[in-house]
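Remarks on the structure that follows.
The values are calculated or read from the model by the stated rules, or taken from the named source; none is laboratory data. Worth saying up front: this structure is predicted, and the values here are computed from it rather than measured. Every residue, glycine among them, receives a Cβ derived from its backbone with ideal geometry; neighbour counts consider all protein chains shown.
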Amino acid sequence: MENINKELSIIYGDVTLGLKGDDFHYIFSYAKGGLESLKKQGQEWLYRIPMPTFWRATTDNDRGNGFSYASAMWMGADMFLRCISKYVKINGEEIPFPAAPENNKYSNNENAKEVEITFIYETSTVPKTSVSVSYTVLPSGEIKIHMHYKGKDNLPGLPVLGMRFVLMEKADGYKYEGLSGETYPDRMEGGAYGVHQVEGLPVTPYLVPQECGMHMKTRWAEVERNNQSIKFRGKDEFAFSCLPYTSQELENATHMEELPLPRRTVMVIANKVRGVGGIDSWGSKPGKDYEIPGDQDYTLQFSVK
Amino acid sequence: MDKIVWLDDPEIYRVNQIDSHSDHVCYASKEESERGKSTLSQSLNGSWSFLYSVNAKVRPKEFYKADFDSTGFDEIQVPKHIELAGYDRVHYINTMYPWEGSEYRRPPYTLGKDTLEKGMFSEAEYNPVGSYIKKFDLDQGMIGKDISIKFHGVEQAFYVWLNGVFIGYGEDSFTPSEFDLSPEIQEKENILCVEVHKRSTAAFLEDQDFFRFFGIFRDVELVARPKLHVEDLWIQPVLTNLESGRINLRVQTKSKVNKGKICCIIKNQDNHIIHESEEVFSETIQFSEVIVSNPNLWDNTNPYLYWLELLVKTDTEEVVEYIKYPFGFRKIEIHQGVMQLNGKRLVINGVNRHEWSPYNGRVIGEAENRGDIETCKKNHINSVRTSHYPFQIPWYYLCDQNGIYVMAETNMESHGSWQKMDQIEPSYNVPGDIPQWRGAVLDRARTQYYLLRNHTSILFWSLGNESYAGENIRLMHEFYKNADEERLVHYEGNFHNPDYEESISDIKSRMYAKPLEIKEYLDNEPKKPFILCEYMHNMGNSLGGMKAYMELLDRYEMYQGGYIWDFIDQALYVYDEISKKQVLRYGGDFGDRPSDYEFSGNGILFANREEKPAMQEVRYYYGKYK
């Protein structure tokens, strides 16, 4: 049982907001616009701040049916997102934004039962839209993440919608509860539900590297490195992929051997994944149910611990 | 006349070849058959002398002469693609003809031309030639007998000489070409010369979506005919009804003498003799009909095989030839619009397969064949379309044994002659209606038919792939229908030419039709059962939406499944200097242009035969609907 009287220590920095507990230490950066440090038992997990992601590498079918062209702006949006505002709530109440000099009123002994920090991002698409990401941190160290995408008319369909965590090192492997194998919304009937262990970070060796390694209908996924782990748990079922590459790195390679040396872990937690299609590779789209229209709102909720 | 002009002439496609006949193996005795090595056959595989020339003009024209000095020739392995032995260049291209952008060619006798244009291939600046020389002595068991030579696969046109004498010519790359060597053969120091040309008019008919190779790429063997010899056998196990079968057996012989007898034994799978009879040896032997009551039926789940044994004896009881051949009882028919196998609705959970190895291209062996069968069994794949050419013979025996339903496709695809820039544009389509192209395509049908007709696993003859439709393909259809009452005939290409909707193909076949289009056909008084000869194009990360197709099986009796495109990625291992690794390369990586690049990789297996992730979906649905 968690000690319900326990509180988080809060460090109201000039540029960041630090949150500490027994065996964790998180730093949110106002300047970078996100979670800059996620330390557990002294070990840093994050390489760069987690960001909303709008791009999975295109598949041969995406290229064949013109989706890559129609939705290309999402690749730019995925790479170059801008944080336009942020706010902080302490125990559920929004406080005046605690940057300097506002933060001069605090001490080195600040505590709370719950801290929420929200970042609003604006996409580079035409038209622009916004995505908010709220992190609610609890004394147990659990981070609850609530992401909301605001649909806009005239935005093209998305290949994926979720959050991307780039972890500092290449993980040893991962475990998850969900469907076996690589699955997509239009290719998952054959997946067996259960807890699955994956060694290393396998990249499916398609002739031309492309989107791969997605796992649909997942309850939780745990990334393992040096006998430690971080666990992603969905409020509802989610999809994820855990690869050593970003979608852009995959997109850029024309052969497996052109991919960079694997040195990090790219964990994508997705609310929506576009289907891969399969009728043909020269025009047919995946069925309507397997597309992600850009004009609808989407919400993704999960926790990290 | 200089034989080289045969390359330019669609009417010359086989010269001095022995007629196609059944693919049975002859042994000198039963014991030999049990050991699995026949003394009536001698492999010529291995190291041959070889010279590469860029075109026919600069080839060593007189290399076949007995006194030719072949110093300076290299060595090459047989079988092997010449391109993978380090000559010429590797080239992958899909529908375009391989000379696109380099040569202007139109098939002879198209566009209203009534004369032959000489030199299209024989005088081309680029049309490589492989000159092969093999010296050999006859093995002991072969001496004193009539000898023929069987080339199991030579791409794409070739001339043969033995000891300086011209033997023959062949084109169809994917069926055996057999020539009689008896008049010229010596016990020792035979010099066999084979001149292989990369392209001939056959190229217009062999425009399959694959890597474009040439050379001797399947086995070469000598076959000895004892003084009494079975040249062709035709086993017809016919189901009168599900409780009773009969076996018609006809044998064609080819012998120096015709004095002897032939003993026929039929055994069931448990090795029990169910029939034994003897006939006098003659040119054509029609055995009396054998009735089998309550025969065990052959199908995917229970591929029950009977065995025919033939013992050819002299009048003095000396066994000179022994043959063993498996067969099964099964009935494929269309009943009230629905394809049935043994009285039950047939569901095709199929896959298209190219013969492929990432190391040796289409030069594959037993390991690949057996592994592929295992992959099929494990994933509930019950049918294979031999896309788009006949396979190596052992494949069909494996399918017989494992209950894999074969759609046996004739070696023909003329895609580039009617589809250009994605448009249907048959202005110079071959074979079309053109009389001068008729012989070649009918020959391809005939060769496949006589070679393979004893294989129980073959349920369908397929006329070829994506060659549009015209009178010549209709005649191929007619040939198969007349020759074989026990199988169905399949062709898809008439979809693009509805004039032939009624007269070609027993089955309505489409490729890549969307589920809605299939419903539309089936909801509107369909005349023929429907299959997809290609569907679920599994290029890269694909195979989404299979459910919509599989559910059609529940809704429509006359929807009878399809063949996934396709079985294995076509890609080649290459050593990469930069990563210092063996890596897989595809079209365009060899400097080959124009190319269709990664379009060669559509398998449910990767090129190295590892299963793609999509396989779990295939296994699930094909298992569910088996």
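If I filter the range B:415-426 for residues that are touching a strand residue (DSSP E or B) at 6+ places or on another chain (Cβ under 6 Å) and crowded, with 19+ Cβ neighbours inside 10 Å, do I get at least one hit?
We begin by selecting, within the range B:415-426, every residue touching a strand residue (DSSP E or B) at 6+ places or on another chain (Cβ under 6 Å); these are none.
No, the range B:415-426 has no match at all.
Just checking, which of A:Tyr135, A:Tyr184, A:Tyr149 is within 30 Å of A:Lys6 (Cα to Cα) and touching a strand residue (DSSP E or B) at 6+ places or on another chain (Cβ under 7 Å)? Even if it seems obvious, please write down each step before you answer.
Working: A:Tyr184 fails: within 30 Å of A:Lys6 (Cα to Cα); A:Tyr149 fails: within 30 Å of A:Lys6 (Cα to Cα).
Residue meeting the stated conditions: A:Tyr135.
Considering the range B:424-460 alone, what residues qualify as being charged (D, E, K, R), under 25 Å from B:Gln252 (Cβ atoms) and in contact with a helix residue (DSSP H, G or I) (Cβ under 9 Å, 6 or more places away or on another chain)? So that I can check it myself, show each step before the final result.
Looking only at the range B:424-460, we keep the residues that are charged (D, E, K, R), and these are B:425, B:433, B:438, B:443-444, B:446, B:453.
Those left that are additionally under 25 Å from B:Gln252 (Cβ atoms): B:443-444, B:446, B:453.
Of everything in the range B:424-460, those that are charged (D, E, K, R), under 25 Å from B:Gln252 (Cβ atoms) and in contact with a helix residue (DSSP H, G or I) (Cβ under 9 Å, 6 or more places away or on another chain) turn out to be B:Arg444, B:Arg446, B:Arg453.
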What's the total number of residues in the range A:41-68 that are surrounded by 18 or more Cβ atoms within 10 Å (Cβ to Cβ) and either β-branched (Val, Ile, Thr) or away from chain B (no Cβ under 14 Å) (or both)? 11
Hey, can you tell me all the residues within the range B:168-190 that are within 14 Å of B:Ile12 (Cα to Cα) and surrounded by fewer than 22 Cβ atoms within 10 Å (Cβ to Cβ)? B:Gly168
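Out of curiosity, is A:Glu116 among the acidic types (Asp, Glu), within 20 Å of A:Val266 (Cβ to Cβ) and crowded, with 17+ Cβ neighbours inside 10 Å? Walk me through it before giving the result.
Details: among the acidic types (Asp, Glu): yes; within 20 Å of A:Val266 (Cβ to Cβ): no; crowded, with 17+ Cβ neighbours inside 10 Å: yes.
Taking the combined requirement at face value, the residue does not satisfy it.
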Segments classed as strands (runs of 3 or more DSSP E), wholly inside the range A:181-274, with at least 2 members that are within 14 Å of another protein chain (Cβ to nearest Cβ), modelled with pLDDT of 95 or more and crowded, with 23+ Cβ neighbours inside 10 Å: A:228-243
Would you mind stating whether B:Glu62 is without any contact (Cβ under 8 Å) to a residue 24 or more places away in the chain, closer than 22 Å to B:Leu138 by Cβ and not in a strand (DSSP E or B)? no
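Name the one entry in B:Ala571, B:Ala614, B:Ala548 that is touching a residue at least 24 places away in the same chain (Cβ under 8 Å), surrounded by fewer than 23 Cβ atoms within 10 Å (Cβ to Cβ) and facing chain A (nearest Cβ under 8 Å). Lay out the reasoning, then the answer.
On the way: B:Ala571 fails: surrounded by fewer than 23 Cβ atoms within 10 Å (Cβ to Cβ); B:Ala614 fails: surrounded by fewer than 23 Cβ atoms within 10 Å (Cβ to Cβ).
Criteria check complete, one pass: B:Ala548.
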Residue among B:Ala28, B:Ala85, B:Ala66 that alone is closer than 30 Å to B:Gln570 by Cα and of a type in the set (A, V, I, L, M, F, W, C): B:Ala85
Selection over the range A:176-195 where residues are out of contact with any His (no Cβ under 8 Å at 6 or more places or on another chain) and touching a residue at least 60 places away in the same chain (Cβ under 8 Å) yields a count of 4
When residues of the range B:196-210 are filtered for being buried (at least 24 other Cβ atoms within 10 Å of the Cβ), out of contact with any Asp or Glu (no Cβ under 8 Å at 6 or more places or on another chain) and in a strand (DSSP E or B), how many remain? 1
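Just for the range B:459-503: of the residues that are small (Gly, Ala, Ser) and within 20 Å of B:His415 (Cα to Cα), which one is farthest from the chain's Cα centre (by Cα)?
Step one: list which residues in the range B:459-503 are small (Gly, Ala, Ser), which gives B:462, B:464, B:467, B:469-470, B:483, B:493, B:503.
Keeping just the survivors that are within 20 Å of B:His415 (Cα to Cα) gives B:462, B:464, B:467, B:469-470, B:493.
Working: B:Ser462: 11, B:Gly464: 11, B:Ser467: 17, B:Ala469: 21, B:Gly470: 22, B:Gly493: 19 Å.
Among them, the one singled out is B:Gly470.
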When the residues of the range B:587-626 are narrowed to those that are part of a loop (DSSP other than H, G, I, E, B) and among the hydrophobic types (A, V, I, L, M, F, W, C), which ends up farthest from B:Asp88 (Cα to Cα)? B:Ala614
Look through the range B:359-378, keep the residues that are farther than 17 Å from B:Val406 by Cβ and without any contact (Cβ under 8 Å) to a residue 24 or more places away in the chain, and return whichever of them is surrounded by the fewest Cβ atoms within 10 Å (Cβ to Cβ). B:Ala367
Can you name the condition, by its number, that B:Ile93 falls short on among (1) at pLDDT below 95; (2) closer than 17 Å to B:Ala202 by Cα? (1)
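Determine, yes or no, whether A:Leu161 is at pLDDT 95 or above, over 15 Å from the mean Cα position of the chain (by Cα) and closer than 22 Å to A:Tyr290 by Cα.
Numbers: at pLDDT 95 or above: yes; over 15 Å from the mean Cα position of the chain (by Cα): no; closer than 22 Å to A:Tyr290 by Cα: yes.
For A:Leu161, the condition - at pLDDT 95 or above, over 15 Å from the mean Cα position of the chain (by Cα) and closer than 22 Å to A:Tyr290 by Cα - is not met.
What strands (runs of 3 or more DSSP E), lying completely within the range B:213-281, carry at least 2 residues that are in contact (Cβ under 8 Å) with a residue 40 or more places away in the chain, among the hydrophobic types (A, V, I, L, M, F, W, C) and under 17 Å from B:Lys30 (Cβ atoms)?
Values: elements: B:220-225, B:230-241, B:244-253, B:261-267, B:273-280.
Once the strands (runs of 3 or more DSSP E) in the range B:213-281 are filtered for at least 2 residues that are in contact (Cβ under 8 Å) with a residue 40 or more places away in the chain, among the hydrophobic types (A, V, I, L, M, F, W, C) and under 17 Å from B:Lys30 (Cβ atoms), what remains is B:230-241, B:261-267.
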